[in-house]
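Following: one structure in structure tokens, then a few remarks.
The values are calculated or read from the model by the stated rules, or taken from the named source; none is laboratory data. None of the values given here were measured: they were computed from a predicted structure. Glycine gets a Cβ as well: all are built from the backbone with ideal geometry, and neighbour counts include every protein chain shown.
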Amino acid sequence: MKLFRQHWLICGGTGCQAAGSIAVRDALKAEIQKQGLAEEIAVVETGCNGFCAMGPVAVVYPEGIFYVAIEVSDVPELVSEHMLKGRPVARLFYKEPATKSVIPDMMDIPFFAHQKLIALRNRGILDAENIDEYIARDGYQALAKALTEMTPEQIIAEVKTSGLRGRGGAGFPTGLKWEFCQKSPGEIKYVLCNADEGDPGAFMDRSILEADPHSVVEGMTIAAKAIGSHEGYVYCRAEYPLAVHRLQLAIDQAREYGLLGENILDSGFSFDLHIYQGAGAFVCGEETALMRSIEGKRGMPRPRPPFPAVAGLWNRPTVLNNVETWANIPQIIQKGGAWYASIGTEGSKGTKVFALTGHVNNIGLVEVPMGTTLRTIIYDIGGGIPKKHRKFKAVQLGGPSGGCVPEQYLDTPCDYEAIVKVGAIMGSGGMIVMDDSTCMVDMARFFMDFVQEESCGKCTPCREGTRRMLQILERIVEGEGREGDIETLEELAAMIQTSSLCGLGQTGPNPVLSTLRYFRDEYEAHIRDKKCPAKSCVALLDFVVDEAKCKSCGLCFKNCPVSAIEWEKKKPAKIDLSKCIKCKTCFENCKFDAIN
Amino acid sequence: MLCSGRAKIPQTGVKFREEDMAKLKISDLAKIKEQVTQATSLREGGAQVKVTVHMGTCGIASGARNVLNAVMEELTKSGRKDIIVTTSGCMGLCSAEPLVTVEKAGAEPIKYSHMDDAKMRQVFNRHVLADEVQTQWVLAKGSEQ
């Protein structure tokens, strides 16, 4: 077969023929002959490609360039420019009629181009309420393979090869966890899914359950076969009604098809799945508290060991993984652990889903290969900081258990160990971007308030320690910080970290410690100078216009909700403090940083 | 009583088959795949257009239910039998919701962002029925995979 360096596919559908595509084709062929390119370039006539309104149309491979409304008179230019010199003729590209801009290809949009979908592979493609569509996307093929072709040991080996680590945040190797449980003696074992997503701003698990619930059902059933379990629970918070609804539908439909229940796919293996709705206590995302909650008791953690793999739910050996972890399993079984391990970094394999939120243009859910830098996620995928006069300050990873990463470490790759090195954690995937209007002390106070509120009260360091830390932070942002507060915070933090019963307390001081690591000067400014450098803490603001900086634009005057600002054209604004309610609307609107 | 007030999503597209509830064997998976692929693929003789309204929590919160109702109404008015309307989950770009995908036979899928009731009706009448892509609201063409 002759090899051509370029293929020109000219549409020969009725629409394009009527518009003259045959004449264009003949002219192209003649011109190619004339220029001596007949051995290098093929002209092929194709069927209708659907864009009849813009005919005659042509697609050029390998470049994939799409030409519209080609006329015979365009042919010499096309041949000499594109075929000979390799310069596509831009004036014949498809243009959007209204603004004349070209519609981009989805994969040319940075938001989509930098992503790689494994856990989210079916997002936006299938109807989550219809099991048939999941099956049509090769759903339950991995389960069929696991049930009929693989031994439990082979399944576990495959997951170990993949290098998959727990996506809930701690990053424990999933295959190893399964192996411990498989080796634990016992007739009755359980498979659990942690869908008690609670980090502020995080919605990875909810989105997976809403968009592709069967991937979780399938992943859990595969694990059941691997460890020898016949019953499982998904622990999902009740404030995710749509996720619960779709997951329940998925379970019902799988049961009707015999993909759950007795004798699955005629293999002799049985497994069934239930949803347990949690009331939304953050601590119930901790594994031992979660299991107690399913048992019908108050959700409180207990000391480990024994680990759940030995004594979990109702003291039986139990495997608990997070939603995103489960959604990866069918792909690993179907395509092989080696395939999964080929993506990512040395110690962190595969992809990670992040809920991108905060001061960033493209708020949403992203899945990137491990090793992608934070800068790529925030600037290329996220589209950067929305307000032009604002600068990036830090990104918060891992919610109340995590920390912040400042500008100088933005080139840190997504990798469990690399992120810990800069003082944060991978976490379950919450990623909050903050610009320079965010006060880091106030941010730390917010997370401490959250941890304090969610502390279950069982152990003293967490119950009392977080309360004391919160009181100190509240004092600082109110302008009543004292010398020695920073040292007390550090002392308390170290104590809480080392002596708390569960992960909630052990990691709770992290936001304070990581902000102290990078933004200690902000704490000091609050305490010593009674100033908030980010101009965020109301108690530390004067609400006075800096006349040197004011450009007299009047934006503060126009936006003030209580008309407390006096302003005339070409004169600096003035704030009437007797009317001011300290809502900070003027700060948010001032583009010149002129209000103190 | 949680979620008792949730409105039911209108029946759309190819639905879970109520008949034929026998337990599946492995060979049935391939059969279902083939049936669904046939039923949902856009080809001559079958459906010509598929409209997907992305209905994750983010989509619903920004008004996807109104968009879905609008497209269902316009579909009924048009009397066309070769148009599938279906729902799907979040496609990741929550800040651009409600998102709608229009796929026509032989053409690349077109994603519309920031849709509302009125825009959806115009997209249905101009793009779905008359082939004029409403480029002013287009996010992108193509698909993620």
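Could you tell me which residue of the stretch A:553-596 is surrounded by the most Cβ atoms within 10 Å (Cβ to Cβ), considering only residues that are more than 40 Å from the chain's Cα centre (by Cα) and of a type in the set (Asp, Glu)? Among those residues, the one meeting the criterion is A:GLU566.
Comparison of A:ILE251, A:ILE264 shows that the only residue that is β-branched (Val, Ile, Thr) and either within 30 Å of the chain's Cα centre (by Cα) or not assigned by TED's automatic domain parsing to the domain that holds A:ASP196 (or both) is A:ILE251. For the stretch A:401-419, which residues satisfy the criterion of being β-branched (Val, Ile, Thr) and closer than 19 Å to A:ALA202 by Cα? Listed by number, the residues that qualify are A:VAL405, A:ILE419.
Scanning the stretch A:130-148 for residues that are part of a loop (DSSP other than H, G, I, E, B), at the interface with chain B (Cβ under 7 Å from one of its Cβ atoms) and either surrounded by fewer than 24 Cβ atoms within 10 Å (Cβ to Cβ) or of a type in the set (A, V, I, L, M, F, W, C) (or both) turns up nothing. Scanning the stretch A:149-167 for residues that are basic (Lys, Arg) and either surrounded by 22 or more Cβ atoms within 10 Å (Cβ to Cβ) or not assigned by TED's automatic domain parsing to the domain that holds A:ARG255 (or both) yields A:ARG165, A:ARG167.
I'm trying to understand the selection: among the residues of the stretch A:182-200, which are more than 23 Å from A:SER348 (Cβ to Cβ), surrounded by 21 or more Cβ atoms within 10 Å (Cβ to Cβ) and hydrophobic (A, V, I, L, M, F, W, C)? Once the filter is applied, which keeps residues that are more than 23 Å from A:SER348 (Cβ to Cβ), surrounded by 21 or more Cβ atoms within 10 Å (Cβ to Cβ) and hydrophobic (A, V, I, L, M, F, W, C), the stretch A:182-200 yields A:VAL191, A:LEU192. Is it the case that A:LYS387 is away from chain B (no Cβ under 14 Å) and either touching a residue at least 24 places away in the same chain (Cβ under 8 Å) or basic (Lys, Arg) (or both)? Taking the combined requirement at face value, the residue satisfies it.
Conditions tested, residue by residue: (1) more than 13 Å from chain B (Cβ to nearest Cβ); (2) of a type in the set (Gly, Ala, Ser); (3) on the phi < 0 side of the Ramachandran plot.
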{"site": "A:LYS189", "(1), (2), (3)": "yes, no, yes"}
{"site": "A:GLY198", "(1), (2), (3)": "yes, yes, yes"}
{"site": "A:PHE203", "(1), (2), (3)": "no, no, yes"}
{"site": "A:LEU209", "(1), (2), (3)": "no, no, yes"}
{"site": "A:VAL217", "(1), (2), (3)": "yes, no, yes"}
{"site": "A:LYS225", "(1), (2), (3)": "yes, no, yes"}
{"site": "A:SER229", "(1), (2), (3)": "yes, yes, yes"}
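Does the stretch A:160-172 include one or more residues that are within 20 Å of B:GLY92 (Cα to Cα) and facing chain B (nearest Cβ under 9 Å)? No, because not a single residue in the stretch A:160-172 is within 20 Å of B:GLY92 (Cα to Cα) and facing chain B (nearest Cβ under 9 Å).
The set of residues in the stretch A:331-355 that are surrounded by fewer than 17 Cβ atoms within 10 Å (Cβ to Cβ), closer than 20 Å to A:ASP212 by Cα and small (Gly, Ala, Ser) is empty.
So for the stretch A:345-365 (the condition being within 11 Å of chain B (Cβ to nearest Cβ) and part of a helix (DSSP H, G or I)), does at least one residue qualify?
no
Within the option set A:GLY423, A:GLY364, A:GLY384, being under 14 Å from the mean Cα position of the chain (by Cα) and modelled with pLDDT under 95 holds for one residue only, A:GLY364. Among residues of the stretch A:513-527 that are touching a residue at least 12 places away in the same chain (Cβ under 8 Å) and closer than 12 Å to A:ASP442 by Cα, those with a Cβ under 8 angstrom from a residue that is crowded, with 21+ Cβ neighbours inside 10 Å and of a type in the set (Asp, Glu), sequence gap 6+ or separate chain, pair up as A:THR515/A:GLU522.
Contact annotation: no residue pair with Cβ atoms under 7 Å, 6 or more positions apart or on different chains, pairs a residue in the stretch A:466-477 that is outside the structural domain of A:ALA525 (by TED's automatic domain parsing) with a partner that is not acidic (Asp, Glu). So is A:LEU120 assigned to a loop (DSSP other than H, G, I, E, B), at pLDDT 90 or above and buried (at least 16 other Cβ atoms within 10 Å of the Cβ) or not? Yes.
In the stretch B:92-145, the residue that is nearest to B:LEU75 (Cα to Cα) out of those that are touching a His at 6+ places or on another chain (Cβ under 8 Å) and among the β-branched types (Val, Ile, Thr) is B:VAL102.
Report yes if B:SER143 is at the interface with chain A (Cβ under 8 Å from one of its Cβ atoms), of a type in the set (Gly, Ala, Ser), surrounded by fewer than 20 Cβ atoms within 10 Å (Cβ to Cβ) and under 13 Å from A:GLY124 (Cα atoms), otherwise no. Considered against the rule, which asks whether it is at the interface with chain A (Cβ under 8 Å from one of its Cβ atoms), of a type in the set (Gly, Ala, Ser), surrounded by fewer than 20 Cβ atoms within 10 Å (Cβ to Cβ) and under 13 Å from A:GLY124 (Cα atoms), B:SER143 comes out as yes.
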